[in-house]
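Data block below; observations after.
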Amino acid sequence: MTVPSQELIGTVTAESGIDGTAMLDETRVPSRGRIIMRRFVKQKSAVFGLVLLVILVFMAYVGIHFTKWGYAQPDYNSFAVTPNGSHWFGTDAAGGDLYAMTMRGAQKSILIGLLVAVLATGLAAIVGASAGYFGKWVDGVLMWIVSLLLIIPGFLIIAILSPHFHNNLPLFVFFLGMFIWQITARIVRGQTLSLREREYVLAAKYMGVSGGRIIVRHILPNLASLLFIDATVNVSTAVLTETGLSFFGFGVQPPDISLGTLIQAAQTSATTQPWLFLFPAGFLVLLLLAVNLIGQGLRDAFDPSTGIAV
Amino acid sequence: MTTAAEVRTREPQPDESAILVVDDLHVTFPTLGGTKVRAVRGLSYQLRRGEALGIVGESGSGKSVSSLAMMGLLPRTTQISGSIRLDGKELIGMHDREASELRGKKISMIFQEPLSALTPVYTVGAQVVEALRVHTDLSKERAQARAVELLDLVGIPNPRERAKAFPHEFSGGMRQRVMIAMAIANDPDVLIADEQSTALDVNIHAQILEVLQTARRETGAAVIMITHDLGVVAGLADRVLVMYAGRPVELGTTDEVYYAPRMPYTMGLLGSIPRLDASGRSALVPIEGSPPSLANLPSGCPFRPRCPLAIDICAEEEPPLESVRGASHRAACHRKEEIETNGWSVGDVFPVPELGIAPVERLPREQRPVALAVEGLVKHYPLMKGVVFKRRVGTVQAVDGVDFDIREGETLGLVGESGCGKTTTLLQILELVKPQAGTIQVAGKDTNDLHNAHARKALRRDLQVVFQDPQASLDPRLPVGDVLAEPMRTHGYDRKHIDARIKELLGLVGLEAGHAGRYPQEFSGGQRQRVGIARALALEPKLVVLDEPVSALDVSIRAGVINLLMQLRAELSLSYLFVAHDLSVVRVIADRVAVMYLGRIVEIGVVDSVYASPSHPYTQALLSAIPIPDPDKERTRERIVLQGDLPSPADPPSGCRFRTRCQRFLTLTEGEKQLCIDRYPPLIPMGPDHSAACHYAEPVAVIPEQSKERKRRRST
Ligand SMILES: Nc1ncnc2c1ncn2[C@@H]1O[C@H](COP(=O)(O)OP(=O)(O)OP(=O)(O)O)[C@@H](O)[C@H]1O
Ligand code: SF4
Ligand code: SF4
Ligand SMILES: [Mg+2]
């Protein structure tokens, strides 16, 4: 048991009898969403992560127009030049402007990373919690699907199907997401099995709260730490897997680019032309850092025992 | 600020006959954060040979820590200062080997948790033999014989055979007995019994106290009894030491402390205990607030924030433990002389709230609407065996034909040992589905007629529940405002209405509207239970089911919650189904009581009649097992101690289910016994609204009356 901190209880004196009169002021009772938001913004690192993410997204989508160079528009006068006033990040061997290419790649990678993470973690949470909470045939069917998807080699499916979703980003995100949620779903199910026996879940049940609502209101928030960590990891998994897939010719295909393809291409010349590697890799590191900080911030905002005073 | 060290708390002069002398003991735990938890601050007392001392205090008051220090069982990082002398030998700072030599031989301890103190892989007999042979050079055979004797002494049936059993084959009560056998194996001079804070079954508790008495008689050891229950030590202890926030606050003979307490905390504690011998429904003395954190003590008297008598000096100086009148009775309070000369009693110091009565209670019972009616309720669980292929090997008859009804504005207490089917009955009612057999009617609607989820949900508004453990029944990730909003959202209240109601509810249970944004863990146990009660009231239900709502709370906080429940009932005309194993709580809150045994009700009726003239042997035993915080009464009371444990509900005895443990059965002739064996007794009327299911039911008074003379002595 956590010992309630004395400062927090200190002001509460009405331990007996009905003597406190209800103050009928008009102030709203803060809801959980509000409290969590307040707890989130109280954390410097989380806010920093959020600001960083906003800057990165801004750079990728708006900053790309700051240069006169297009990402698919090589400068035939400057091949493999180091960063300078015209080509801020330098150019590659074919004369492509690395700044424009990095920003274009970032657009794709941010989209893929965040969407896949939301999809995979969301699916894992809903399926795992439903299986665990409802049990019986729901559990049977859902877990059968999970096991099936675990056995099928996802990489192979994507390889076979990829000609059909050539440069179709939503479909690509969907397939990538589909193959990384199963393990988490199983973990969520296991945790739900113990959570659903808790008295507060029983209390909600006897109040007439429906199963779906109990999952959203009581089960998932109590698994928040697990889910946020999972989502953070999924962002990096998605970005890195996409890199691997691009290499094999699936995913983002030339002439389009992702951070992954840029890093991949720069690997051979990393020692001779280090800027080709450093800029995209640096962007990727910053992106993952931002996501991590936000993930941690959310996790702590959901967990009242972290003692963030609001 | 005066530190505890400066305050003199020593015994006036060392007593020649003392076997144990504790002098200015301080125990401090360093914590990771750098703050120090000062668990014991200046404890001094003397224990004479053969004396029984009760140490009483709430959870966390330092009772256990002080005796663990004596046993040398605290972590190495603990800072201990002061002196503990056992028979003239200083224990603090003693060499490890020497200390363990003394331990078990001269001083031994019966632990709070019997399961962890016995090694699961050795037989019980082997462990007693081990305890014997560590300290003596008895031969193996002699030790074994002695072990059997000891097990016999503590009341283990067939000790010779049972010695070969492993701890897990023993019930909780039997393990406790084995612990006692091991503790007295070497004829110690001092025996420390640390009681379980969590509710031990009343019956087992009574058995253990009985055994402890025997052990004390046999060995002549001095006994230190550590407990949070003033009732327990009333009849057994010669002297009582009350602890608060790591300090001794009152010390005296049992009579002095119980009949003339001179420290407000002791007074409050005595007044806050629900008493079996109370006369009818009455408010308890609530002590406001909760005990201070030991890591962050207020300056001055640690009880000041909760004390109605506090004056300016209390904030500055911590009062020393000093003599009140004679040398023996001592209290730590700046105003003890005033209390003494004015003869203030509990009622003078603590304001006791007025209890109203609901308008509906003025009507005779028959004319009030029925809030809950249960008839012939049955719940059997299949008993399965096998890992892969499960097969049914029997039936657990958890509830087997239970009838009762609750009228509007009425409280029914449902009591019985753990495992008797109380919780199953309650869950059956809460499920609102058609029972396996019988009927359940809530607010006039039969659950058999609820054909869809919609109808069931509508009925849930009238029926709400408060659980035992407020820690477990509130979602740790949900702010209190949302906890309270949940039932209302579920039943379609709009946001504005919900907000207003949340504030109203918080006020109703004595919390502040500003608390809505806090998480449950930011509240103390008592406050959390108030939140649980507020949640149950959100929808303005007619019937509230309470599953042991106060048994997880600290003694001083319990009274406030019980008072609150009684006030709410009067104000809102609620009906309660109050499930408890504690008959004294039921005494103060309930109008009627039903006693359950192995899935059936054995006695039911109005509280006054059932408590004054219990007619079923089981009720008599239960009532006699509960201690009363009154030394005179306790010393003269006869205890009916039930033999053995509850039989398995999968295989109940034929005929009367209670016959295997019935004390009345033993006094019957063979012919009379046959009836008990053959036929289950029906409920026989014993008076107006009082009946008992026993063929030979006969009222026996087991609770002494509140004597007039005592009442007078108390108020002067
Ligand atoms: N090993 C330890 N390390 C740190 N703090 C401890 C340790 N053991 C006990 N404490 C603290 O010391 C204080 C006194 O504890 P103690 O066990 O004596 O209480 P108690 O009066 O026996 O309570 P209960 O009725 O619950 O048994 C508590 O605040 C407890 O948290
Ligand atoms: S010293 Fe003061 S605060 Fe402490 S118990 Fe006595 S009157 Fe109350
Ligand atoms: S019926 Fe017989 S066995 Fe049962 S309680 Fe009465 S006397 Fe005891
Ligand atoms: Mg203890």
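Before moving on, here are some points about what is shown:
- Taking the criterion of being touching a Gly at 6+ places or on another chain (Cβ under 9 Å) and within 16 Å of ligand 2 (Cβ to nearest atom), the only residue of the stretch B:58-88 that qualifies is B:S61.
- Scope the stretch B:358-391; condition among the basic types (K, R) and modelled with pLDDT of 75 or more; matching residues: B:R362, B:R365, B:R368, B:K379
- Qualifying position, being closer than 15 Å to B:G560 by Cα, not assigned by TED's automatic domain parsing to the domain that holds B:S584 and not in a helix (DSSP H, G or I), among B:S293, B:S328, B:S282: B:S282
Matching residues to (1) more than 7 Å from every other protein chain (Cβ to nearest Cβ); (2) in contact with a Gly (Cβ under 7 Å, 6 or more places away or on another chain); (3) under 24 Å from B:V399 (Cα atoms):
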position: B:E431; (1), (2), (3): yes, no, yes
position: B:K434; (1), (2), (3): yes, no, yes
position: B:I440; (1), (2), (3): yes, no, yes
position: B:R477; (1), (2), (3): no, no, no
position: B:D494; (1), (2), (3): yes, no, no
position: B:E522; (1), (2), (3): no, no, no
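- Of the residues A:E242, A:E197, the single one that is in contact (Cβ under 8 Å) with a residue 40 or more places away in the chain and farther than 30 Å from A:K42 by Cβ is A:E242.
- Residue check for B:E169: over 29 Å from the mean Cα position of the chain (by Cα) and of a type in the set (D, E): no
- Residue ID - modelled with the highest pLDDT, chosen from residues in the stretch B:206-245 that are basic (K, R) and touching a strand residue (DSSP E or B) at 6+ places or on another chain (Cβ under 6 Å): B:R239
- Every pair of residues 6+ apart whose Cβ atoms lie under 7 Å, when the first sits in the stretch A:200-225 and is facing chain B (nearest Cβ under 7 Å) while the second is polar (S, T, N, Q): A:Y200/B:S473; A:A203/B:S473; A:M207/B:T490; A:G208/B:T490; A:V209/B:T490
- A:K205 meets the conditions (1) under 26 Å from A:A125 (Cα atoms); (2) at pLDDT 90 or above; (3) surrounded by fewer than 21 Cβ atoms within 10 Å (Cβ to Cβ); (4) not acidic (D, E) in every case but one. The failed one is (2).
- Any hit, the stretch B:445-458, residues being touching a residue at least 60 places away in the same chain (Cβ under 8 Å) and within 30 Å of B:I357 (Cα to Cα): no
- Unique match (being of a type in the set (D, E) and in contact with a His (Cβ under 6 Å, 6 or more places away or on another chain)) among B:E256, B:E218: B:E256
- B:I562 being in contact (Cβ under 8 Å) with a residue 40 or more places away in the chain, out of contact with any strand residue (DSSP E or B) (no Cβ under 9 Å at 6 or more places or on another chain) and at the interface with chain A (Cβ under 8 Å from one of its Cβ atoms): no
- Selection from the stretch B:265-286 of residues that are within 14 Å of chain A (Cβ to nearest Cβ) and within 16 Å of ligand 1 (Cβ to nearest atom): B:S272
- A count restricted to the stretch B:288-299 and to residues that are more than 16 Å from ligand 1 (Cβ to nearest atom) and within 23 Å of B:S59 (Cβ to Cβ) stands at 2.
- Among the residues listed as B:A534, B:A500, the single one being closer than 19 Å to B:E571 by Cβ and more than 9 Å from chain A (Cβ to nearest Cβ): B:A534
- Residue pairs whose Cβ atoms lie under 8 Å apart, sitting 6 or more positions apart in sequence or on different chains, and linking a residue in the stretch B:661-677 that is under 20 Å from B:V700 (Cα atoms) and at pLDDT below 90 to a partner that is near ligand 3 (Cβ under 9 Å from one of its atoms) and small (G, A, S), are B:C676/B:G655.
- Of all residues in the stretch B:451-471, those that are within 7 Å of chain A (Cβ to nearest Cβ) and under 23 Å from B:L568 (Cα atoms) total 5.
- Residues of the stretch A:164-185 include at least one that is among the aromatic types (F, W, Y), in a helix (DSSP H, G or I) and touching a Gly at 6+ places or on another chain (Cβ under 7 Å).
- Residue in the stretch B:533-554 that is within 28 Å of B:P629 (Cα to Cα) and in a helix (DSSP H, G or I) present: no
- For the criterion of being more than 16 Å from ligand 4 (Cβ to nearest atom), within 15 Å of B:A332 (Cα to Cα), not in a loop (DSSP other than H, G, I, E, B) and not aliphatic (A, V, I, L, M), B:C314 passes.
- Restricted to the stretch B:533-551, and to residues there that are touching a helix residue (DSSP H, G or I) at 6+ places or on another chain (Cβ under 7 Å) and farther than 20 Å from B:G481 by Cα, the residue that is surrounded by the most Cβ atoms within 10 Å (Cβ to Cβ) is B:P549.
- Residue-level analysis places B:P298 among those that are of a type outside the set (D, E, K, R), within 12 Å of ligand 2 (Cβ to nearest atom) and not assigned by TED's automatic domain parsing to the domain that holds B:E337.
- When B:E417, B:E410 are screened for being surrounded by 19 or more Cβ atoms within 10 Å (Cβ to Cβ), away from chain A (no Cβ under 14 Å) and closer than 24 Å to B:V360 by Cα, only B:E410 passes.
- Within the stretch A:271-307, the set of residues being within 14 Å of another protein chain (Cβ to nearest Cβ) and surrounded by 18 or more Cβ atoms within 10 Å (Cβ to Cβ) comprises A:L298, A:R299, A:D300, A:A301, A:F302, A:D303, A:P304.
- Single match in B:R262, B:R306 (criterion: of a type outside the set (S, T, N, Q) and away from chain A (no Cβ under 13 Å)): B:R262
- Which listed residue, of B:S556, B:S584, B:S573, is closer than 25 Å to B:V466 by Cα, buried (at least 24 other Cβ atoms within 10 Å of the Cβ) and assigned by TED's automatic domain parsing to the domain that holds B:L377: B:S556
- Residue count for the stretch B:486-503, restricted to those that are part of a loop (DSSP other than H, G, I, E, B) and either surrounded by fewer than 16 Cβ atoms within 10 Å (Cβ to Cβ) or in contact with a helix residue (DSSP H, G or I) (Cβ under 6 Å, 6 or more places away or on another chain) (or both): 2.
- Of all the residues in the stretch B:628-669, those that are on the phi > 0 side of the Ramachandran plot and either within 16 Å of ligand 2 (Cβ to nearest atom) or surrounded by fewer than 16 Cβ atoms within 10 Å (Cβ to Cβ) (or both) number 1.
- Against the numbered list (1) away from every other protein chain (no Cβ under 13 Å); (2) at pLDDT 85 or above; (3) not in a helix (DSSP H, G or I), B:T425 comes up short only at (3).
- Positions within the stretch B:62-87 being away from ligand 4 (no atom under 12 Å from the Cβ) and polar (S, T, N, Q), in sequence order: B:T77, B:T78, B:Q79, B:S81, B:S83
The values are calculated or read from the model by the stated rules, or taken from the named source; none is laboratory data. Keep in mind it's a predicted model, so treat the numbers as computed, not measured. A quick note on method: Cβ atoms are made from the backbone with ideal geometry, for glycine too, and the neighbour counts reach across all protein chains shown.
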